[in-house]
1. Can you pull out the residues in segment 224-246 that are assigned to a loop (DSSP other than H, G, I, E, B) and either in contact with a Leu (Cβ under 6 Å, 6 or more places away or on another chain) or open to solvent by 50 Å² or more (accessible area, probe 1.4 Å) (or both)?
2. Across segment 132-162, which residue is farthest from the chain's Cα centre (by Cα) among those that are within 22 Å of TYR75 (Cα to Cα) and surrounded by fewer than 18 Cβ atoms within 10 Å (Cβ to Cβ)?
3. Name the residues in segment 247-272 that are buried (at least 19 other Cβ atoms within 10 Å of the Cβ) and of a type in the set (S, T, N, Q), would you?
4. Within segment 253-302, which residues are out of contact with any helix residue (DSSP H, G or I) (no Cβ under 9 Å at 6 or more places or on another chain) and not in a helix (DSSP H, G or I)?
5. What's the number of the condition GLU272 fails, among (1) within 30 Å of GLN163 (Cα to Cα); (2) more than 26 Å from the chain's Cα centre (by Cα); (3) modelled with pLDDT under 90; (4) of a type outside the set (Ser, Thr, Tyr)?
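The values are calculated or read from the model by the stated rules, or taken from the named source; none is laboratory data. The structure presented is a predicted model; accordingly, all values stated were derived computationally and were not measured. Cβ placement follows ideal geometry from the backbone for every residue including glycine, while neighbour counts extend to all protein chains displayed. The protein model used for the area step is the full one, side chains on, heavy atoms only, and it has no ligands, DNA or RNA in it. Shrake-Rupley method; radii C 1.70, N 1.55, O 1.52, S 1.80 Å.
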Amino acid sequence: MDAIIWNVRSVNTQQAFERLITMHRQHHFEFIWILEPMQQAGKLERYRRRIGLAQAVVNISNKIWALIDERELNYGILYAMASDMTVPWLVGGDFNVIWDEEEKFGGLPVHINEVDDFRHCINTCHLTDLGFKGSIYTWWNGRSEENCIFKRLDRCLGNMELQQTFPGLEVTYLSKTGSDHCLMLLKCDIESSPIKKSFRFLNFWTKHDSFLEVVKENWSADFSANPFVLFNYKLKKLKKALSVWSRATYGDLFQKIASLEEVVLVHERQFEVNPTQMNRQRLHKVQAEMIKYLSLEEEFWR
């Protein structure tokens with residue numbers, strides 16, 4: 001596989017872009033990766049111009065990965081980029097925030113507002129977690145016993161176009177050797193052909209508070225036609241909306257259970273070493289969460 005990886009700051013002139021086109025004609029790159037290691041957040045207009053660059057690259061390659069390290073990127077910038085993003089989009093790195101309480105062990109209680117802001121941003125931008133293999137915790141504060149804190153701060157997110165183009169994407173968390181963060185290994189099986197999964201309506205969806213709202217918002221059509229045509233259109237629209245909503249709300253059910261099993265084991269070991277009331281409460285909390293997802297799994301197979 002031939003690919004070119006280029007910092008977006010290096011492709012900021014007409015001459016540089018022409019060079020990129022010339023190199024592509026010579027080498028016929030399979031992928032063109034545009035990297036953006038941010039040092040500080042810039043203006044929205046600058047990012048809009050870079051989205052224009054991304055669209056231009058698509059015209060010569062048809063495939064692109066736009067990678068952004070979101071740690072120094074405020075949510076407003078991410079919203080602006082998502083509004084114009086129509087190409088496969090990968091957002092990865094140290095986000096410095098967790099998705100839910102199960103992704104943290106030890107330390108002070110989780111600030112729910114911070115978690116909600118992160119979730120709202122990712123869902124609004126139509127990004128989903130690509131999942132992972134390895135330990136659920138990607139960061140460690142370097143301390144032990146009651147002062148020990150683990151978090152999952154590093155992750156890879158992608159839009160629907162990315163996952164449809166590269167169905168074999170796989171993220172593995174490696175060891176934390178030499179750093180307080182683990183390395184992320186991203187694999188792409190380009191030989192895999194896209195797998196079209198049949199739509200399945202899951203009964204436990206109806207028990208979620210936001211289910212009816214999703215149905216109400218998407219059971220509509222902005223045109224007039226034969227009733228059967230309208231009905232078919234609404235079904236397809238709702239099916240797509242429920243699929244996206246389910247991924248954002250429940251994620252990969254089986255991956256979630258596997259992660260929770262590891263979280264429970266960590267809390268069990270911590271309670272055995274230091275059987276305090278706080279550690280007992282934490283253990284019961286993650287056990288209850290795992291039981292909830294196990295019941296969802298049971299309903300899924302039923």
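1. If we filter segment 224-246 for residues that are assigned to a loop (DSSP other than H, G, I, E, B), which is where we start, we get 224-226.
Residues satisfying the conditions are SER224, ASN226.
2. GLU161
3. Matches in segment 247-272: SER259, GLN270.
4. Answer for segment 253-302, where residues must be out of contact with any helix residue (DSSP H, G or I) (no Cβ under 9 Å at 6 or more places or on another chain) and not in a helix (DSSP H, G or I): just PRO275.
5. Of (1) within 30 Å of GLN163 (Cα to Cα); (2) more than 26 Å from the chain's Cα centre (by Cα); (3) modelled with pLDDT under 90; (4) of a type outside the set (Ser, Thr, Tyr), only one is false for GLU272: (1).
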